[in-house]
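Chemist: Please see the structure below; I have some questions.
No lab work stands behind these numbers, since they all come straight from the coordinates. Small disclaimer: the values here were computed from a predicted structure and weren't measured. Cβ: placed from backbone, ideal geometry, glycine included. Neighbour counts: every protein chain shown.
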Amino acid sequence: MDETLQEAIKLIETGFHEDGLEKVEKMITEADDETKRTIAELYFELGLVDRALELAEELMFKYPDQGELFAFASECYIELGKEEEALDMLNEIKKDDPAFLQAQLLLADLYESEGLEEVAETKLLDALKIMPDESILQLGLAEFYLNRGDYQEAISYFKQAVYSGKLPEDLPIDPHVRLAEAFSATGQFEDALENYKEGLKKDQTPDGLFGFGFTALQLEDYTTAIDSFNTLLEQDPDYTSAYGSLAKAYMAIKKWEEARETLKEGINRDEYNEELYLQMAKLQLSQGEGEDGREFLKKVIAMNPSNVSAVQEALYYYDDTEDYEEMIELIRFLDDYNEFDPLYERFRAKALFEENDINGAAQAMDVALSTLSRDERLLEDAAVVYLANRQKEKALPLLEEVLKLDPEREDIRRRIEELI
């Protein structure tokens, strides 16, 4: 590399950007073509894409058969949001050009980003027919299928690429980690775990550590999961999705205080993370801390009335504690936000019944019965409501259904006999 250019780069790297760039600008006129190519790449890395493109176009005019220049120019166009120009440039690169492989990968990325997935897939498959042993193409197809959710296809191509032994060492993400993601997505957690172990030997990336921990959690390997999540959070305390998973691992081995502290830290880091509030509520309810758990549920629902899991947890809690006043207050709050779920109608019926609004309870139960799975408890609750509303013709068939589900219910049998 030119000595003056080396000095300029050192200035830029040490924070003297203006001095370094000024030195680069002064040398362009006298620079040879190889140095200009290096300067163009430097400009691109520094985000001076317009300047990089100017130099690339100058060199392309002199060397129209060098596909590398066309590929580089297309990357500049992509960065500048000029996708059509990039496509035209890439399609100029011939099959026998050393840059053809890079061109096909860039074309596939472009087509995929524009929603033309079939075209992107065809480009990659056609290129693979020409170069069937090219591991980078196999990897490109694997990434394409993984992004599209075709996990089995992704696994097949990842395996080909990984076991080829021809992949470059400087890939941004170890392909074992990506293969592990595909295995995990298909429930093949043992295979996923082994590939995470292999991939994380090289670089313990936050996403890789999270995937490793999540996979270990699925396999009930809680020690590995806890170690992985803790390592991740030491690296990046703001990776907030890890707090909930770490808390789950602690709760699985009944380390309640560790789980509580983990959730507290997560909430401190991300005060709008509904899942962490919900987990804290469930933890507190499971430990008999009803009032605290209820308050956390209220916080979740206030943040997002559409959080069905939180609403259901609250309704079941109010039902268990027979707090029908809070139950109907919650349901009316949900009505104000036009939130509907058939299960809410079941609890509406119960709350209204306890408030002696028998007709309202019967109407709500009509909705619940028409949409929910007719389990024994629902059928029995509905029968009680209908009988109170003097609708014996609705109640009797429901009691008969209960008896079919549980023929040992003598109390139900006697009630039916009284009604007939």
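Chemist: Just to be sure I understand the model, the point goes 7 Å from the Cα along the line to the Cβ. What's the resulting residue 95 to residue 336 distance in nm?
Modeler: Distance between label points: 6.9 nm.
Chemist: Right, something else. Could you give the nm distance between label points at residue 207 and residue 79, where each point is 7 Å from its Cα heading toward the beta carbon?
Modeler: Roughly 2.1 nm, to one decimal.
Chemist: Need one number for the chain: average projected area of the convex hull over its C-alpha atoms, nm².
Modeler: One quarter of the hull surface, i.e. the mean projection, equals 29.4 nm².
Chemist: Which FRET efficiency value, to the nearest 0.05, is calculated for residue 125 and residue 219 with the Förster distance at 25 angstrom and r the Cβ-Cβ distance?
Modeler: 0.10
Chemist: Here is a follow-up. Label points 7 Å out from Cα along the Cβ direction at residue 256 and residue 356: separation in nm?
Modeler: 4.0
Chemist: Gap in Å between the Cα centre of segment 271-302 and the Cα centre of segment 84-99?
Modeler: 56
Chemist: Let me ask something additional. Considering the alpha-carbon set of segment 340-420 alone, what are its Rg and its Dmax in angstrom?
Modeler: 12.2, 37
Chemist: Using 0.36 nm per residue, how much length does the chain from residue 272 to residue 400 gain when fully extended, once their Cα-Cα distance is taken away?
Modeler: The residue 272-residue 400 span can extend by a further 41.3 nm.
Chemist: Hey, another quick one. Could you tell me what % of all Cα pairs in segment 102-163 have separations over 18 Å? Mind dumping the intermediate values first?
Modeler: Working: 479 of 1891 pairs.
In whole percent, the share of Cα-Cα pairs in segment 102-163 beyond 18 Å is 25.
Chemist: Quick one: in segment 125-193, what % of C-alpha pairs are over 13 Å apart? All intermediate terms of the calculation are to be shown ahead of the outcome.
Modeler: Numbers: 1403 of 2346 pairs.
In whole percent, the long-distance tail amounts to 60.
Chemist: Sorted by average packing, counted as other Cβ atoms within 10 angstrom per residue and highest first, what order do 368-375, 102-109, 158-165 take?
Modeler: Ranked from most to least packed, the peptides come out as 102-109, 158-165, 368-375.
Chemist: Expressed in nm to one decimal, what extension gain is obtained for the pair residue 10 and residue 28 from 0.36 nm per residue of sequence separation less their Cα-Cα distance?
Modeler: 4.8 nm
Chemist: What is the magnitude of the charge dipole of the chain about its Cα centre, with +1 placed on the Cβ of each Lys and Arg, -1 on the Cβ of each Asp and Glu, and no other charges, expressed in debye to the nearest 20?
Modeler: Values: 43 positive and 99 negative charges, 335 e Å.
For the chain, the charge dipole is close to 1600 debye.
Chemist: Give the calculated FRET efficiency between residue 374 and residue 322 to the nearest 0.05, with a Förster radius of 22 Å applied to their Cβ-Cβ distance.
Modeler: My answer for the efficiency is 0.40.
Chemist: Taking R0 as 35 Å, what's the FRET efficiency between residue 306 and residue 186 from their Cβ-Cβ distance, rounded to 0.05?
Modeler: Working: r = 30 Å, r/R0 = 0.86.
The pair residue 306/residue 186 has a calculated efficiency of 0.70.
Chemist: Sticking with this one: Mind checking which of 351, 333, 192 is farthest towards the positive end of the chain's charge dipole, using Cβ charges of +1 (Lys, Arg) and -1 (Asp, Glu) about the Cα centre?
Modeler: Most positive-ward Cα: 351.
Chemist: Which whole-number percent gives the relative contact order of the chain, counting Cα pairs below 8 Å spaced six or more residues apart?
Modeler: About 4 percent, as a whole number.
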